[in-house]
1. For the stretch 186-316, which whole percent of the accessible surface, found with a 1.4 angstrom probe, sits on carbon and sulfur atoms?
2. Could you calculate the contour length gain from Lys54 to Arg125, that is, 0.36 nm times the residue separation minus the distance between their Cα atoms, to one decimal place in nm?
3. From the residues Ile26, Thr160, Gln171, which one has its Cα farthest along the dipole of the chain in the positive direction, the dipole being from +1 and -1 charges on Cβ of Lys/Arg and Asp/Glu about the Cα centre?
4. For the chain, what class follows from the C-alpha gyration tensor (a ≥ b ≥ c being the square roots of its eigenvalues): rounded when a/c is under 1.5, otherwise prolate if a/b is larger than b/c, else oblate?
5. Run the accessible area of the stretch 1-114 with a 1.4 Å probe and give the carbon-and-sulfur part as a rounded percent.
6. Hey, what's the chain come to in accessible area per residue, 1.4 Å probe, Å²?
7. Calculated FRET efficiency, Glu233 and Gln278, Cβ-Cβ r, R0 35 Å, to nearest 0.05?
8. Along the Cα-to-C-beta direction of Gln155, a point sits 7 Å from the Cα; which residues of the stretch 11-43 have their amide N less than 14 Å from that point?
Amino acid sequence: MQVSAQEVAENIYEFQVPLPFKLKEINLFLVKSDDGCLLIDTGTNTPATAEALKANLDYLGVAFGDIRYVAITHFHSDHAGQAGLIQQHSDAVVMMHADSKHFLGSWSDEVGQGPVYMAPDAFFRQHGMPQASIEQFQHMRQRYLSLTLPFEVNQTVDDTDSIRIGDCDFQFVFTPGHAIGHICVYCPQLNLAFTGDHILQRITPNISIHSDKHPLHRNERYNPLGDFFLSLEKTRQLGFSLGLPSHGALITDPEGRIDELLAHHDERLQVMLEAMDQGHQTAYAISRYAFPKYTEAFDHWLMLGETLAHLELLEIRGQIEGVHEDGFIHYRLTAEPAPAR
Ligand SMILES: [Zn+2]
């Protein structure tokens, strides 16, 4: 009953494993070969997920020991959570982009102590998030830490790296945006790409800022939406005809989907300008205007992060400015005349 494996291209199998989130499942992919298999992503470190992974591999006649490579598209727990489990039972080479590696298990509060993926409460407060939402979010964050079983990254991969399995090459493509260090895996012979959370068919990947500094390169501005746009154009250039995403349906018109994602964010940018035009000033207030139907703390956190990513791009484009006032950061349109003092 947990077995969902089906062949989606020659020797490539897709199956789903459950997740303990609102997003109920993730698609995992197995490239099957007699001289060792490649697994793309792993699911969270939860018992039901492990059971489903094993059941699907069993069905495909593959033992953990047959897995030669595990490619992790990015460090989020639904993708990286069970790499450690496979590592315990095989000699699999676990591969990830170097930028991803820094964030394994580090939803850290320790500003100044290495990479910071999550800033402390003060960050959320200065952007206008209510205390109750901050507390609910902190509670959730603790739980998230346990969802990735610790593992060792055996090989870091980047644009020039590839592996060969059977008659096919699998090339790594650096596609930051949804996450720092996100990679897609492209197979030119089969004209397809595993797109991770970079391109999804039914939902738009969350593009977020959750810290007031670049999480990795302290002296650079962190502009994940700008990175995402560049990554979309980079994947468009590959010209593949089938996208295999981590969530939801296969992508049969990747180019069309890329256009839709670009259009979606253009529209979001417009809505946020409209919010500021109507007097909403904090990122939180702007996010409530832009995403009115979301009500839970986890949603507020996603919305705030997504809004900040859009505001950062608008600020870089010179369309808005963020000003520190009374303990908050207020955003306003640059074309607006300065208020009388
Ligand atoms: Zn993700």
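1. On the stretch 186-316, the fraction of accessible area on carbon and sulfur atoms equals 48 percent.
2. Here the segment from Lys54 to Arg125 would lengthen by 21.3 nm.
3. Towards the positive end, the residue furthest out is Ile26.
4. Prolate is the answer for the chain, as a/c is 1.5 or above and a/b outweighs b/c.
5. Result for the stretch 1-114: 47 percent of the exposed heavy-atom area is carbon or sulfur.
6. 43 Å²
7. Plugging the Cβ-Cβ distance into 1/(1 + (r/R0)^6) gives 0.60.
8. In the stretch 11-43, the label zone of Gln155 (backbone N under 14 Å from the point 7 Å along Cα→Cβ) covers 36-40.
The values are calculated or read from the model by the stated rules, or taken from the named source; none is laboratory data. Remember, predicted model here, so these are calculated numbers, not experimental data. Positions of Cβ are generated from backbone atoms using ideal geometry, with glycine treated the same way; all protein chains shown enter the neighbour counts. In case anyone asks, the SASA skips ligands and DNA or RNA and just uses the protein heavy atoms, side chains included. Shrake-Rupley method; radii C 1.70, N 1.55, O 1.52, S 1.80 Å.
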